[in-house]
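> Dropping the structure in here first, questions after.
The values are calculated or read from the model by the stated rules, or taken from the named source; none is laboratory data. Owing to the predicted nature of the structure, the values given are computational and were not obtained by experimental measurement. All Cβ positions, even for glycine, are placed from backbone atoms using ideal geometry, and neighbour counts span all protein chains on display.
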């Protein structure tokens, strides 16, 4: 019962793509074609003769097309068991239909074109899903095609075998049920909406098992969101060990940190937070500055670039250094492309995962958080600042520091709250000089950022260090609740602060800045991230 | 066209719950009943006469029941437009069917009972979805019931109006499309599985708009996972301001921190990390110890309990203190119940969100992370330790400290990585004494935990402080990569360490512990959380 020749086919398609070549193949196979209204017209025009469906059903097309295919005859022809029910079918005058080619009324298209509720209702297909589901249920004998992109493989399959194999039929069956599930998911959400009810249905496929989850006692899987056109899932693994659950989370975070940076840039992520970030013209310098943001944590990190990776950049990792301790081992490197030389160089590191992916394509409008049987959905955080203004006596020259401020805000947006970063300009590049992440108390985040910055500047003279800190910009993800953050910054010689503003203590905080001649801008936009 | 009397009904149900009272009502209304095989048998037994469906379709039940309802007559009777198509229907001899009562072959039940693939296929309903979807499409005229729990409201609706209203029909229509979408989602996933393909379909409903997302420029919504039986979504808001997106995230984190604690316990969460946690017998002391874990960050925090809240505990917040600065303002308080006195007391704080929810009911087996068009799924982290063993010369007496170790591991499991906690025993209670969260460098997490612990002990004498630190247990979410963490702990007088083990430098780390006479256990289970 494996190979089934296609002797009788039913064609009823809303999307006519690739219809004619398929029908021609069926004719060549000696297959009889049954078809409905619009489909039949197209076949006629191509000189392909077919049987009008009403001839088979014994019923007319009725009610403005609402009734065309649904009938005892058609669904029986699809559903009866070719072995067990053969005699019964013969007695009832039912001849088998071996192939259904059908896709559904364009509910989605009408929705996207802003069709009225009545138009939407009219575009809910009833006969189509019935045929598709009947054929799919009886896939042991029947082939169902719901997607024009499958016609070529059907043609190949049926031509080479003069019949269709069970594995092919089963594959098309699963696709058919998915097609109907997607269709009804879309309808269900819209019908809820018509009642003022919000619902969400999400479908993910291409699932792969991962070695384990965040920890080895947790099983894990990775899926692609079906509808998504720019999924993170689509990254290409060019080299290296299997990716872990945590690698994938960190890859996402590393790409998130590069969002909003137009120049060539690099992010260094450890435990889901960027601890290094740099941007500018020269990729070879950029990696050095990004790494320098936290050169201790950078070992074993995940590193992402937004430009094709060059050999000179790759050499920064010194993977061929004879002294192993001089080699900079990292877990994952991501770039939109790799020069052949850079790739060859990086491949020296056997375990290093090399990922080709353009993070700039990630532009998902929504962010989802799953919490124990519930779901939070929100717009992604896409606005860095709005109506930013200097609020201190000492003017914050936003025009002159636009790039550095945007750079700092890009960093803070990607770091877990409460967070503080210090960013600076160095040799025409921008660098994350220190960051404090994930603290319940903002003051500790400030302290962490400053401590890291000072550590990064430890080889400078006292004077140079002060100069660097006074030129740096301190960025806070949310407003300061008290003056203590400003006082701590002032004590360390910080002279420029960027924060959203919005505290009831803003007047006191501005006053404190003025006392220390600190320039501060309010950006108007908070960047909490948890 | 609003009220439609039910003159002719089609009953064809797999789940016979509440069938008879519904049918009796229909009979009383003078409604004609059409029914199929098993449904008809039940009606007969209850003395309710009905018309065998084959009388209407003009076709026999065929192919072992695969063909029963699908026919030109039945679907026409459901689908024709009662106004536009009236004459056509009459010409074709089609009488309207005003009500469809149908639920589907028990695919889910067969799946849960471990049915074979063939049994699953046989339990894919074809006729049912066709009738349901046809009736739903024509909801302007037709009522469809897919859920026995809706029969009582149908009875009420039809009795009081002697007909069914459009709003009711529309509500049932949306439910019907959801029913079919859920059904086909389940089938699609199983059919994928039959091909060795992993897919996931998730459905969420009861969506509500939130004021905004993590930040005010982000729109946001909150949904319930449809299938979930213990959803976080089901918490009850007893009092207070509207919940924010961040509140909901923090509520979840606060409840997560209590998981695995059998005694009465309390967690204090700020920015998604527990900064306070305590457990023991006396709730009044527990809140004080939990608050004391970080009494600065605790202001404006989210606080959860796993026992009914008592008045004496509520009084800890001093909400009636005449000196406003002595009142302990928090954002949200969650408990499985509140004594009437405690509730009255807490309600003095106008904005305080008071949430009734039993966090112990959260036992979701899977955790989902959405990443830009992809999905990571993993088992939830349910194992605190496995084959834990003392690995140092100084024996770690796990039997004596089982409760404290489990407490520390519960805390660390709920804190963002890299994380370190210090926990201690105090007056028969267990307390989180200090924590370091979300650090790219573990050493900084250790330093943060120790600094916080020392701050919390600052009023003690030097000797007492040392005593406390030497009796405390330091817990790490993952292994130590180097000896520096142990050295830092040793320098501060820490004498007990709990960590999973698994580093290639474990021998050196054990040796370092031995040098400082630190007792250490390896728990075998890492607790990364990002």
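> Would you mind telling me which numbered condition in (1) surrounded by fewer than 22 Cβ atoms within 10 Å (Cβ to Cβ); (2) touching a residue at least 24 places away in the same chain (Cβ under 8 Å); (3) at negative phi; (4) away from every other protein chain (no Cβ under 14 Å) residue A:39 fails?
With respect to (1) surrounded by fewer than 22 Cβ atoms within 10 Å (Cβ to Cβ); (2) touching a residue at least 24 places away in the same chain (Cβ under 8 Å); (3) at negative phi; (4) away from every other protein chain (no Cβ under 14 Å), residue A:39 is out only on (1).
> OK, next. What about residue A:319, is it away from chain B (no Cβ under 14 Å), over 29 Å from the mean Cα position of the chain (by Cα) and assigned to a strand (DSSP E or B)? Walk me through how you get there before you give the answer.
Values: away from chain B (no Cβ under 14 Å): yes; over 29 Å from the mean Cα position of the chain (by Cα): yes; assigned to a strand (DSSP E or B): no.
For residue A:319, the condition - away from chain B (no Cβ under 14 Å), over 29 Å from the mean Cα position of the chain (by Cα) and assigned to a strand (DSSP E or B) - is not met.
> Right, another one. Consider the range A:187-203. How many of its residues are under 20 Å from residue A:376 (Cα atoms) and touching a residue at least 40 places away in the same chain (Cβ under 8 Å)?
3
> Conditions: (1) facing another protein chain (nearest Cβ under 8 Å); (2) in contact with a strand residue (DSSP E or B) (Cβ under 7 Å, 6 or more places away or on another chain); (3) at positive phi. Residue B:272 meets all but one. Number of the miss?
It fails just one condition, (2).
> Conditions: (1) free of Cβ contacts under 8 Å to residues at least 60 places away in the same chain; (2) part of a helix (DSSP H, G or I); (3) within 10 Å of another protein chain (Cβ to nearest Cβ); (4) touching a strand residue (DSSP E or B) at 6+ places or on another chain (Cβ under 8 Å). Residue A:23 meets all but one. Number of the miss?
For residue A:23, the exception is condition (3).
> Would you confirm whether or not the range B:167-189 contains a residue that is surrounded by fewer than 16 Cβ atoms within 10 Å (Cβ to Cβ), more than 10 Å from chain A (Cβ to nearest Cβ) and out of contact with any strand residue (DSSP E or B) (no Cβ under 6 Å at 6 or more places or on another chain)?
From the range B:167-189, those surrounded by fewer than 16 Cβ atoms within 10 Å (Cβ to Cβ) are B:167; that's our starting set.
From what is left, the residues that are more than 10 Å from chain A (Cβ to nearest Cβ) are none.
For the range B:167-189, residues surrounded by fewer than 16 Cβ atoms within 10 Å (Cβ to Cβ), more than 10 Å from chain A (Cβ to nearest Cβ) and out of contact with any strand residue (DSSP E or B) (no Cβ under 6 Å at 6 or more places or on another chain): absent.
> Residues in the range B:456-484 that are assigned to a loop (DSSP other than H, G, I, E, B) and either without any contact (Cβ under 8 Å) to a residue 60 or more places away in the chain or not assigned by TED's automatic domain parsing to the domain that holds residue B:442 (or both): how many? Can you show your working first?
Our first condition is that a residue be assigned to a loop (DSSP other than H, G, I, E, B); within the range B:456-484, this holds for B:457-461, B:472, B:477-483.
Narrowing the set further to residues that are either without any contact (Cβ under 8 Å) to a residue 60 or more places away in the chain or not assigned by TED's automatic domain parsing to the domain that holds residue B:442 (or both) leaves B:457-461, B:472, B:479-483.
The qualifying residues number 11.
> Residues of the range A:42-55 being away from every other protein chain (no Cβ under 12 Å) and in contact with a helix residue (DSSP H, G or I) (Cβ under 8 Å, 6 or more places away or on another chain), which ones? Step through it out loud before you land on a result.
First, pick out the residues of the range A:42-55 that are away from every other protein chain (no Cβ under 12 Å): A:42-52, A:55.
Within the range A:42-55, A:42, A:43, A:46, A:48, A:49, A:50, A:52 meet the criteria.
> Being modelled with pLDDT of 95 or more and within 14 Å of chain A (Cβ to nearest Cβ) is true for just one of B:507, B:440. Which residue is that?
Numbers: B:507 fails: within 14 Å of chain A (Cβ to nearest Cβ).
Result: B:440 is the single residue among B:507, B:440 that is modelled with pLDDT of 95 or more and within 14 Å of chain A (Cβ to nearest Cβ).
> I've got another one for you. List pairs: first in the range B:305-323 and in contact (Cβ under 8 Å) with a residue 40 or more places away in the chain and assigned by TED's automatic domain parsing to the domain that holds residue B:267, second part of a loop (DSSP other than H, G, I, E, B) and surrounded by 18 or more Cβ atoms within 10 Å (Cβ to Cβ), Cβ under 7 Å, 6+ apart or cross-chain?
B:306/B:261
> Only one of (1) surrounded by fewer than 23 Cβ atoms within 10 Å (Cβ to Cβ); (2) under 18 Å from residue B:408 (Cβ atoms); (3) touching a helix residue (DSSP H, G or I) at 6+ places or on another chain (Cβ under 7 Å) fails for residue B:473. Which number is that?
Unmet condition: (1).
> So, in the range A:327-375, of the ones that are in contact with a strand residue (DSSP E or B) (Cβ under 6 Å, 6 or more places away or on another chain) and over 30 Å from residue B:272 (Cβ atoms), which residue ends up surrounded by the fewest Cβ atoms within 10 Å (Cβ to Cβ)?
This residue is A:347.
> Just to confirm my filter: which helices (runs of 4 or more DSSP H) fall fully inside the range A:66-129 and include at least 3 residues that are more than 8 Å from chain B (Cβ to nearest Cβ) and under 18 Å from residue B:67 (Cβ atoms)? Spell out how you get there, then give the answer.
On the way: elements: A:72-79, A:86-92, A:107-112, A:117-122.
In the range A:66-129, A:72-79, A:86-92 are the helices (runs of 4 or more DSSP H) which contain 3 or more residues that are more than 8 Å from chain B (Cβ to nearest Cβ) and under 18 Å from residue B:67 (Cβ atoms).
> Looking at (1) within 30 Å of residue A:210 (Cα to Cα); (2) touching a helix residue (DSSP H, G or I) at 6+ places or on another chain (Cβ under 7 Å); (3) surrounded by fewer than 24 Cβ atoms within 10 Å (Cβ to Cβ), which is the only condition residue B:196 fails?
(2)
> If you go through the range B:217-249, how many residues are more than 7 Å from every other protein chain (Cβ to nearest Cβ) and part of a loop (DSSP other than H, G, I, E, B)?
At the first step, the residues of the range B:217-249 found to be more than 7 Å from every other protein chain (Cβ to nearest Cβ) are B:226-227, B:229, B:234-244, B:247.
Subsequent filtering for residues that are part of a loop (DSSP other than H, G, I, E, B) retains B:226-227, B:229, B:235, B:240-244.
Residues in the range B:217-249 being more than 7 Å from every other protein chain (Cβ to nearest Cβ) and part of a loop (DSSP other than H, G, I, E, B): 9 in total.
> May I pose another question? Residue under question is residue A:195, and the condition is that it be facing chain B (nearest Cβ under 8 Å) and closer than 15 Å to residue B:370 by Cβ; does it hold? Spell out the reasoning first.
On the way: facing chain B (nearest Cβ under 8 Å): yes; closer than 15 Å to residue B:370 by Cβ: no.
No: the conditions fail for residue A:195.
> Quick check on this structure: which one of B:207, B:213, B:196 is part of a loop (DSSP other than H, G, I, E, B) and either at pLDDT below 95 or under 22 Å from the mean Cα position of the chain (by Cα) (or both)?
On the way: B:207 fails: part of a loop (DSSP other than H, G, I, E, B); B:196 fails: either at pLDDT below 95 or under 22 Å from the mean Cα position of the chain (by Cα) (or both).
Selected residue: B:213, the only one of B:207, B:213, B:196 that is part of a loop (DSSP other than H, G, I, E, B) and either at pLDDT below 95 or under 22 Å from the mean Cα position of the chain (by Cα) (or both).
Per-residue answers, yes or no, for (1) closer than 18 Å to residue B:437 by Cβ; (2) in a helix (DSSP H, G or I); (3) within 39 Å of the chain's Cα centre (by Cα):
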| residue | (1), (2), (3) |
| --- | --- |
| B:486 | no, yes, yes |
| B:493 | no, no, no |
| B:517 | no, no, no |
| B:524 | no, no, yes |
| B:528 | yes, no, yes |
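> May I pose another question? Give the residue that is nearest to residue B:175 (Cα to Cα), with candidates limited to residues of the range B:219-232 that are surrounded by fewer than 22 Cβ atoms within 10 Å (Cβ to Cβ) and in contact (Cβ under 8 Å) with a residue 24 or more places away in the chain. Even if it seems obvious, please write down each step before you answer.
As a first pass, look at the range B:219-232 and keep what is surrounded by fewer than 22 Cβ atoms within 10 Å (Cβ to Cβ): B:219, B:221, B:224, B:226-230.
Pick out the ones that are also in contact (Cβ under 8 Å) with a residue 24 or more places away in the chain and you get B:226-228, B:230.
On the way: B:226: 12, B:227: 14, B:228: 17, B:230: 22 Å.
Of everything passing the filter in the range B:219-232, B:226 is nearest to residue B:175 (Cα to Cα).
> Taking the condition within 21 Å of the chain's Cα centre (by Cα) and under 30 Å from residue B:98 (Cα atoms), does residue B:185 pass? First the steps, then the outcome.
On the way: within 21 Å of the chain's Cα centre (by Cα): yes; under 30 Å from residue B:98 (Cα atoms): yes.
Against the criterion (within 21 Å of the chain's Cα centre (by Cα) and under 30 Å from residue B:98 (Cα atoms)), residue B:185 qualifies.
> Further, regarding this structure: Can you name every residue in the range B:198-207 that is facing chain A (nearest Cβ under 7 Å) and over 23 Å from residue A:226 (Cβ atoms)?
Here is the first cut: in the range B:198-207, the ones facing chain A (nearest Cβ under 7 Å) are B:198-205, B:207.
Answer for the range B:198-207, where residues must be facing chain A (nearest Cβ under 7 Å) and over 23 Å from residue A:226 (Cβ atoms): there is none.
> Let me ask another. With the structure loaded, tell me whether residue B:378 is within 14 Å of chain A (Cβ to nearest Cβ), part of a helix (DSSP H, G or I) and touching a helix residue (DSSP H, G or I) at 6+ places or on another chain (Cβ under 9 Å) or whether it fails that test. Steps first, please.
Working: within 14 Å of chain A (Cβ to nearest Cβ): yes; part of a helix (DSSP H, G or I): no; touching a helix residue (DSSP H, G or I) at 6+ places or on another chain (Cβ under 9 Å): yes.
So residue B:378 fails the test.
> Still on this structure, please answer the following. Here is a check on your reading of the model: is residue B:412 part of a helix (DSSP H, G or I), over 25 Å from residue B:241 (Cβ atoms) and within 13 Å of another protein chain (Cβ to nearest Cβ)?
Working: part of a helix (DSSP H, G or I): yes; over 25 Å from residue B:241 (Cβ atoms): yes; within 13 Å of another protein chain (Cβ to nearest Cβ): yes.
In short, yes.
> Starting from residues that are touching a helix residue (DSSP H, G or I) at 6+ places or on another chain (Cβ under 9 Å) and farther than 21 Å from residue A:58 by Cβ, keep the ones in the range B:65-96 and report whichever is surrounded by the most Cβ atoms within 10 Å (Cβ to Cβ).
Taking the range B:65-96 as the starting set, the residues that turn out to be touching a helix residue (DSSP H, G or I) at 6+ places or on another chain (Cβ under 9 Å) are B:65-82, B:84-85, B:88-89, B:92-96.
Pick out the ones that are also farther than 21 Å from residue A:58 by Cβ and you get B:65, B:81-82, B:84, B:96.
Working: B:65: 13, B:81: 15, B:82: 15, B:84: 11, B:96: 17.
Step by step, filter the range B:65-96, then rank; the result is B:96.
> Right, here's the next one. Restricting to the range B:250-284, count the residues that are closer than 30 Å to residue A:420 by Cα, free of Cβ contacts under 8 Å to residues at least 60 places away in the same chain and in a loop (DSSP other than H, G, I, E, B). Even if it seems obvious, please write down each step before you answer.
Filtering the range B:250-284 for residues closer than 30 Å to residue A:420 by Cα gives B:250-258, B:266-278.
This time we only want the ones that are free of Cβ contacts under 8 Å to residues at least 60 places away in the same chain, so: B:252, B:266, B:268-271.
Restricting the remaining residues to those that are in a loop (DSSP other than H, G, I, E, B) gives B:271.
Counting residues in the range B:250-284 that are closer than 30 Å to residue A:420 by Cα, free of Cβ contacts under 8 Å to residues at least 60 places away in the same chain and in a loop (DSSP other than H, G, I, E, B) gives 1.
> Being in a helix (DSSP H, G or I), over 29 Å from residue A:66 (Cβ atoms) and facing chain B (nearest Cβ under 10 Å), is that true of even one residue in the range A:134-141? Steps first, answer last, please.
Looking only at the range A:134-141, we keep the residues that are in a helix (DSSP H, G or I), and these are A:134-137.
Restricting the remaining residues to those that are over 29 Å from residue A:66 (Cβ atoms) gives none.
No, the range A:134-141 has no match at all.
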